[in-house]
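J.: Before anything else, here's the structure in question.
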Amino acid sequence: MADQKLDNLLNLALDSTEEERKKSGNLNIGYEERSGNWDIIVKYSGDAEALSGERIRTVPLLGGYAVVNLPEEEIPEFASRPQIEFAEIPKRLYFQVNQALDAACIRPVQEGYFPGAAQTGNTADRMPEQITGNISGGKQGLSGQGVLVGIVDSGVDWQHPDFCNEDGTSRILRLWDQSLLAKPGENPPEGYAAGVEYTKTDIDRALRLSRAEGKQIVREQDFSGHGTSVLGIAAGNGRASGGVNRGVAYTSDIIAVKMGMPGENSFPRTAELMQGVDYLVRQAAELGRPMAVNISFGNNYGSHRGDSLLETYLSNVSDAGRTVICVGTGNNGNDSVHTAGILETGTQAEIPFSVSPREPVLNVQLWKSYADEIEISLVTPSGERIGPLSEQIGTQRYQAGETELLIYYGKPGPFQVTQEIYFDFIPRGAYITGGVWKIQLRGRRIKDGSYQLWLPGGRVLNPATGFYYPKAEETLTIPSTAAKVITVGAYDSRLNAPADFSGRGGGSLFYPKPDLAAPGVEITAPVPGGGYGTVTGTSFAAPFVTGSAALLMEWGIVRRNDPFLWGEKVKAYLRRGAQPLPGFDKYPDNQVGYGEDVIIRLH
């Protein structure tokens, strides 16, 4: 019997065989094959100590959330505890990858002027007088001084000159590499169970040595370069380019987290992201400083309505301390991974999707209103019709050619009004059955009628796999759908036009998303090794806004022009300051939000 305190994927994973889990793209993500334990994310109430046990390791997070590691056989008893409200399996995260400072009007703000002041002559459009002053012969603008920039990403090249001061010391105050197995003398941060934490003292000592020798002291590395580029846009000082490729909050101190699990073949998951954000917020509180946090990862699993534990956690933690969290919208806007429609009582809909003949794994999520009664069937490429599916909660199994189908008919969780029907395509050999599959819907008793379907994002599918009639709306990746984060889309600053890949909002959310757009095409950014490269994607639009938030908090909190300028107030200022893009007459828009990122008029 399914446990309704557990999310659908966790219930299905526990009801699946070891071979099925290994072949699935989602069902094995929380499982540690080495120990036989599971990582799960929980929402709980009461004392965190009540979650512990002889074989249960708990990492409490802010706001009544926790990441728990426990044996599979312990999960039923653990879930039955009255303190446990809900539990989810971790989900895998993907990079949001697919001129700019000037386009975002950051340069004038850094130099002490507000964009548009010279044209309008209106003194209300200029930075307030208390911001100005002589610094190196110019106006004293905003640089992020006194504000922390936090990043949870693939790591950072801490040896890159853009993250060092003029005297060669590091701008990074703390660096937590979650993916490292600790050696003697190394430890994770206090309160966390994995990885290695390095202090500024450790990094400064390593910087005094050769590059190779320094890596023996600070072993963290950014193998992909993603985090280095993201952090450089938000807070790099441009030293490697003589200041030419300077980032936004270029004097901010930095706290960085490299996501991952210790050991080989580690990859980032929502469990590591939540712990990383938790660490950043706690560090900022301990230092007594405001912080702008950047997240340039996302995934496609969930209702996209802000109701998963990751999304609600980020919204809750946004209220902790003086914090702003900025998240990219993802790059699914022009992919064929989403479709949607409206069903009425007595009507039918057919949703065809193609599967590449060499697709090793696939899953489809169908989300609908629980109030609607819909008959659901699946048609295989050979024309065999499976269904209508039983509406009984739990796992259903079918065989279709070389494919085993695991179908989970879910019910709403404690934080949802929507219902998921999840299809996992498991290959009996190397690949699932290719061709045209169809999901058929028939409205039996409809009150709402809308339905949404998603395939995995992150460009993990073959190009030939996708919906025949994709919809660009509702392609925001999770957690950019969280209510209280600042959600950032991408535009092409060379053309002053939106980027077609940028994820888009729609009518499913009860609040407008995205909040605004920033440059995200052909951006020059730091790369590991000390140089620069060109990057594209909403991964690299989000840090422009993260840096902008840091500048606003410097003006408001550090310089005491507005001591309460954090959280939703920063979002409000950025929305107000966003400028129109050509071709958009009504705002907010589901592609560019309230417009392109420009620092707000500070009256």
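Values quoted throughout were computed directly from the atomic coordinates according to the rules given, and no laboratory measurement underlies them. Since the model is a prediction, treat every value here as computed from it, not as a measurement. Glycine gets a Cβ as well: all are built from the backbone with ideal geometry, and neighbour counts include every protein chain shown.
J.: How far, in nm, would the chain grow between Lys411 and Asp562 when pulled straight, counting 0.36 nm per residue and subtracting the alpha carbon separation? Walk me through the intermediate numbers first.
T.: Numbers: separation 151, 0.36 × 151 = 54.36 nm, distance 4.56 nm.
Taking Lys411 through Asp562 to full extension adds about 49.8 nm, to one decimal.
J.: For Phe297, list long-range residues whose amide hydrogen, built 1.01 Å from N in the peptide plane, is under 5 Å from its own amide hydrogen.
T.: Correct list: Gly328.
J.: Moving to a separate point now. Among Val149, Val558, which comes first, second and so on when ranked by fewest other beta-carbon atoms within 10 Å?
T.: Least crowded to most crowded, the residues run Val558, Val149.
J.: Then there's this: Quick one: Cα centre-to-centre distance for region 258-323 and region 414-458, in angstrom?
T.: Centre-to-centre distance over Cα atoms comes out at 28 Å.
J.: I'd like the projected area of the chain, averaged over all directions, using the convex hull of its alpha carbons. Report it in nm² with one decimal. Show your work: numbers first, answer last.
T.: On the way: hull surface 108.6 nm².
Dividing the Cα hull surface by four gives the mean projection, 27.2 nm².
J.: Take the Cα of Ser390, step 7 Å along the line toward its Cβ, and report every residue of region 13-32 whose backbone nitrogen sits under 20 Å from that point.
T.: So the set is 13-17.
J.: Rounded to the nearest 5, what % of the DSSP beta bridges within the chain are antiparallel ones? Please report the intermediate quantities before stating the final value.
T.: Values: 89 of 119 bridges.
Bridges in the chain are about 75 percent antiparallel.
J.: Determine the calculated [θ] at 222 nm for the chain from helices alone, applying -39500 (n - 2.57) to every DSSP H run no shorter than 4 residues and normalising by the residue count; nearest 500 deg cm²/dmol. Intermediate values should be presented prior to the final figure.
T.: Numbers: 13 runs with 106 residues, N = 603.
My calculation for the chain gives -5000 deg cm²/dmol from helical runs alone.
J.: Let me ask something else about it. Of the peptides 192-198, 338-344, 393-399, how do they stack up when ordered by the mean number of other Cβ atoms within 10 Å, highest first?
T.: Working: 192-198: 21.7, 338-344: 18.0, 393-399: 14.9.
By packing density, highest mean first, the sequence is 192-198, 338-344, 393-399.
J.: Between Glu74 and Asp585, how high is the FRET efficiency from 1/(1 + (r/R0)^6) when r is the Cβ-Cβ distance and R₀ = 41 Å? Nearest 0.05.
T.: On the way: r = 57 Å, r/R0 = 1.39.
That pair, Glu74 with Asp585, gives E of 0.10.
J.: Based on alpha-carbon centroids, what's the gap between region 337-387 and region 193-236 in Å, whole number please?
T.: When both Cα centres are located, 46 Å separates them.
J.: Right, another one. Could you pull out the pairs from Lys447/Lys484; Lys471/Lys513; Lys23/Lys183; Lys22/Lys43; Lys23/Lys91 whose alpha carbons sit more than 23 Å apart here? Intermediate results must be reported in sequence, preceding the final value.
T.: Details: Lys447/Lys484 29 Å; Lys471/Lys513 16 Å; Lys23/Lys183 33 Å; Lys22/Lys43 27 Å; Lys23/Lys91 16 Å.
Going by Cα-Cα distance, Lys447/Lys484; Lys23/Lys183; Lys22/Lys43 fall outside the 23 Å limit.
J.: Please find the FRET efficiency linking Ala572 to Arg205, where r is the Cβ-Cβ separation and R0 is fixed at 45 Å, and quote it to the nearest 0.05. Walk me through the intermediate numbers first.
T.: Working: r = 43 Å, r/R0 = 0.95.
In this case the efficiency is close to 0.55.
J.: Suppose R0 equals 51 Å. What FRET efficiency, 1/(1 + (r/R0)^6) with r the Cβ-Cβ distance, do Ala464 and Ala48 give to the nearest 0.05? Mind showing how you got there, number by number?
T.: Values: r = 48 Å, r/R0 = 0.93.
After rounding, the FRET efficiency stands at 0.60.
J.: Suppose we keep just the alpha-carbon trace of region 8-89; what are its Rg and Dmax in angstrom?
T.: 12.6, 38
J.: Let me check I've understood the local charge: for Val545, count other residues with C-beta under 10 angstrom from its C-beta, Lys and Arg +1, Asp and Glu -1. What total comes out?
T.: Net of charged neighbours comes to -1.
J.: Would you mind putting 465-474, 545-554 in packing order, based on average other-beta-carbon counts within 10 Å, highest first? Each step should come with its number before you reach the end.
T.: Details: 465-474: 18.4, 545-554: 31.2.
Per-residue Cβ counts within 10 Å, averaged per peptide and sorted highest first, yield 545-554, 465-474.
J.: OK, next. Ranked highest first by the average count of other Cβ atoms within 10 Å around their residues, in what order do 354-361, 223-230, 206-213, 61-68 fall?
T.: 223-230, 61-68, 354-361, 206-213
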